[in-house]
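Just below is one structure, and these are the notes that go with it.
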Amino acid sequence: MKKMGILICIAGFFWSCSTVNRHYSLGTTAAMNKDWEKAIQLYEKAVLEDPDNSIYKLALVRAKLYAVTVHLVKARELAAQGKKEEAVLEYQKALSYDPRNRMIARELENLEKPAVPEEKLQPVSLEPPVKIKAADEKVSLKLFVDTSLRTVFLALGKSKGVNFLFDESFRDKPISVNFTDMTLMEAVQALCLASNNFYRVIDEKTVVIAPDTPNAREKYNLIAVKTFYLSNVQAKDIQGPLMQMIRTKYSMPRVIIDEKLNSITIRDTPEVLALTERILQAFDKPPGEVVIDLEIMEISRIKLQDVGLSLDNPVIGLAYTGTVESESTGWLNLGDLNFSKGSNYLVSLPTPLLDFLESDSDTKIIAQPRLRGLQGEEIKTLVGDKIPLPKATFTPIAAGGISQQPVVNYDYEDVGIDIKITPQVHREDEITLELEIKIKTPRGTGYADLPIISTREVKNKIRLKDGETNLLAGLLKDEERTTLSGIAGLKSIPLLGPLFSNTYREIQQTDVVLTITPHIIRRVPISAEDLRPYWLDLEGGALTAGPVREPPDEGMLDIRRRREMRAQQQDREMPESAVNELSLSPRNFEIPAGREFRMSLNMRTQSKLGNMSLTISYNPNLIEIKDVTPGTLLQKLGANPPFLKNIDNSSGICTVGFSSPDTTIGLEGIGTLAIFQMLTKAQGEGTVALTAITGYDNRGRIVEFQKREAQIRVR
């Protein structure tokens, strides 16, 4: 009975071990079939029976992670389709496997909240520190006869209780206006736009009007400083594109990059800061994230057959063993050789062996990696081994000697299945995968017993839907080798040849099957605000967001009329006494070094000019000319009149000119002939002069011009 009890205990022990192994084995089978709920139940039983087994614990954790991802992806799909109840159940299942996941809990909480109507999106803006406080009544003013611009401003201010001040460089001009149902600031903005001026709010009851020039902008523009902290992009990478986007006619933003805090600090006008904020909101987006399910199966089969006669040493030898007397010289006496006695000879013959060897081996490798990564970033996985490959180099034994001492090093080569995937998430819930698959397998040895590595490589780009499975197969390799060896002559006899030969046959078959299933975990968050345009005035820097407001029928002046009025009013700065005159505007101004500015070449003439050329002289160490563009006055000659420009910044000379395409048409009137885009280089003072002026009217007569130069001071 005692022995029987011991046997029962031993049987119970092995039975318990077999039970644990059975649960784990069944759980692994369920995991291979992607039945994660069943796999979790079986793994939990295995862990309960053997709590100290780390392999079972790891398998349970892995199955739960897979189950969480599957239910989370399905919940998001159902939520996007509007199936709220089904999505809540999937979220609850995901939380049951990972109760500490705050992201899932937050998504479930947001889904269960009652729907809130979407708020109307407000334009991005940076509020100025001071605003005008005026009456809410609309302004209606119609003055079609030329009226003094100063008088119009003062009339508006008197009607709203606002004081208008004028800069010392402000020039009064006649203007015709038609304001209907507009606020005070809308009317002021329209007047400034039509008269090439701008305004600055000083306090709640005071506004300053100044000409729209670089000096006045620098004097009156509001300056603000703001720091933007980035989360997803590097500040140093976005600095260049950002500077190209926020530079305006009168703005040279000062930018400081802090790589440790990953922040950008900008000092400029409120309008530029508002534009910067909108651009950074568009750039600083978290990238999309995907999970890629891979299932790799490699099947290898080797069949070996070695049948027939084989010889251990295929050599027949004959040796003479009789005694022979020889002299000390080593010569033999042929008379002493006795060939008649058979005992003096030895014959060696090969030993025949019959081989009856046949083997058949199968190898199956299955891997199911689950890869998670960001879009645009490479995901790499390797299923295989590393084998050493010798690499010999030769070095001299002593300094200055010949390289003859071999030094052997070893390089490790990856052998197996090497997969590289670069995903790209699209807005259409599709994923583009850039695949690079390499399959390397050892194929025996070659010269000097070095291993031979067989390689198969596939490079491809595929585009799949979220959750769509792609099968990659056909990477089949089939090799067959047959070797026939035997006794020469006898192995070739028909029917009898196999009795004197050996046949060695080896068949190797390898097949690889790969399935790829991508899942979108997170998309790039693009809101309705990101899709809205952001409007800005490139000349004045005024920014607005959202759709363009349609002007009322009898409201603000249309864009074409404003431009015509601006050109006409700008050209009236010329004195009435001058008949033919050329002048540079602005004439006297001060600007910091490293800033871009514009200088206009204005002309007033009563002669019909057929062609003209002149030279602009300047100090090349002080300023340089970036470009010259035709002015509005040349539009009287046609759409694209012949225009000449030649810039030589090394000598400080720029030549411009024009000619009429029709000899019967001449250029006359008041306007801007050319616009120079300049850049200040160093501190100092200088003169921009007009020289070598040559002009002819449409009859070929010389036209004389008075000229006015410009003074510039760079600080």
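Can you pull out every residue in the range 147-199 that is open to solvent by 20 Å² or more (accessible area, probe 1.4 Å) and touching a Cys at 6+ places or on another chain (Cβ under 7 Å)?
If the condition is that a residue be open to solvent by 20 Å² or more (accessible area, probe 1.4 Å) and touching a Cys at 6+ places or on another chain (Cβ under 7 Å), then Tyr199 is the only one that fits.
Do you know which of the residues in the range 262-286 that are at pLDDT 85 or above and more than 22 Å from the chain's Cα centre (by Cα) is nearest to Leu230 (Cα to Cα)?
Checking each candidate, the answer is Thr265.
Starting from the range 405-429, keep only residues that are over 30 Å from Glu77 (Cβ atoms) and without any contact (Cβ under 8 Å) to a residue 24 or more places away in the chain, then list their pairs with residues that are of a type in the set (A, V, I, L, M) and in a strand (DSSP E or B) whose Cβ atoms are within a distance under 9 Å, requiring at least 6 positions of separation or different chains.
Close Cβ pairs (under 9 Å, with a partner that is of a type in the set (A, V, I, L, M) and in a strand (DSSP E or B)) amount to Pro406/Ala392; Val407/Ala392; Val408/Ala392; Asn409/Ala392; Tyr410/Leu389; Asp411/Leu389.
One line per residue, one yes/no per condition, for (1) free of Cβ contacts under 8 Å to residues at least 60 places away in the same chain; (2) in a strand (DSSP E or B); (3) β-branched (Val, Ile, Thr):
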position: Arg217; (1), (2), (3): yes, no, no
position: Leu222; (1), (2), (3): no, no, no
position: Thr227; (1), (2), (3): yes, yes, yes
position: Val233; (1), (2), (3): yes, no, yes
position: Asp237; (1), (2), (3): yes, no, no
position: Met243; (1), (2), (3): yes, no, no
position: Val255; (1), (2), (3): yes, yes, yes
position: Leu261; (1), (2), (3): yes, no, no
position: Thr265; (1), (2), (3): yes, yes, yes
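Which one of Ser617, Ser613 is over 23 Å from Pro211 (Cα atoms), open to solvent by 10 Å² or more (accessible area, probe 1.4 Å) and at pLDDT 85 or above?
Just a single option satisfies the conditions, and that option is Ser617.
With the requirement that a residue be open to solvent by less than 30 Å² (accessible area, probe 1.4 Å), at pLDDT 80 or above and farther than 18 Å from Ala367 by Cα, what does the range 1-46 give you?
Within the range 1-46, His23, Ile40, Leu42, Tyr43, Ala46 qualify.
Any residue that is modelled with pLDDT under 85, acidic (Asp, Glu), out of contact with any strand residue (DSSP E or B) (no Cβ under 7 Å at 6 or more places or on another chain) and open to solvent by less than 70 Å² (accessible area, probe 1.4 Å) - is there at least one of those in the range 655-666?
yes
Taking the residues in the range 52-98 that are acidic (Asp, Glu), over 32 Å from the mean Cα position of the chain (by Cα) and within 24 Å of Thr517 (Cα to Cα) as candidates, determine which candidate is most open to solvent (accessible area, probe 1.4 Å).
Glu86
Pick from the range 288-299 the residues that are open to solvent by less than 30 Å² (accessible area, probe 1.4 Å) and not charged (D, E, K, R): which of them is modelled with the lowest pLDDT?
Selected residue: Ile296.
When the range 204-232 is examined, which residues are found to be over 26 Å from Val152 (Cβ atoms), hydrophobic (A, V, I, L, M, F, W, C) and open to solvent by 40 Å² or more (accessible area, probe 1.4 Å)?
Those that are over 26 Å from Val152 (Cβ atoms), hydrophobic (A, V, I, L, M, F, W, C) and open to solvent by 40 Å² or more (accessible area, probe 1.4 Å): Ile223, Val225.
Tyr320 versus (1) at pLDDT 85 or above; (2) in contact with a helix residue (DSSP H, G or I) (Cβ under 8 Å, 6 or more places away or on another chain); (3) open to solvent by 70 Å² or more (accessible area, probe 1.4 Å): which is the lone unmet condition?
Among (1) at pLDDT 85 or above; (2) in contact with a helix residue (DSSP H, G or I) (Cβ under 8 Å, 6 or more places away or on another chain); (3) open to solvent by 70 Å² or more (accessible area, probe 1.4 Å), Tyr320 violates only (1).
Of these, Asn640, Asn646, which one is farther than 25 Å from Arg595 by Cα, exposed (fewer than 13 other Cβ atoms within 10 Å of the Cβ) and without any contact (Cβ under 8 Å) to a residue 12 or more places away in the chain?
Sole residue among the options that is farther than 25 Å from Arg595 by Cα, exposed (fewer than 13 other Cβ atoms within 10 Å of the Cβ) and without any contact (Cβ under 8 Å) to a residue 12 or more places away in the chain: Asn640.
The values are calculated or read from the model by the stated rules, or taken from the named source; none is laboratory data. Quick caveat: nothing in here was measured; it's all calculated off a predicted structure. Every residue, glycine among them, receives a Cβ derived from its backbone with ideal geometry; neighbour counts consider all protein chains shown. Accessible surface areas use protein heavy atoms only, side chains included; no ligands, DNA or RNA. Shrake-Rupley method; radii C 1.70, N 1.55, O 1.52, S 1.80 Å.
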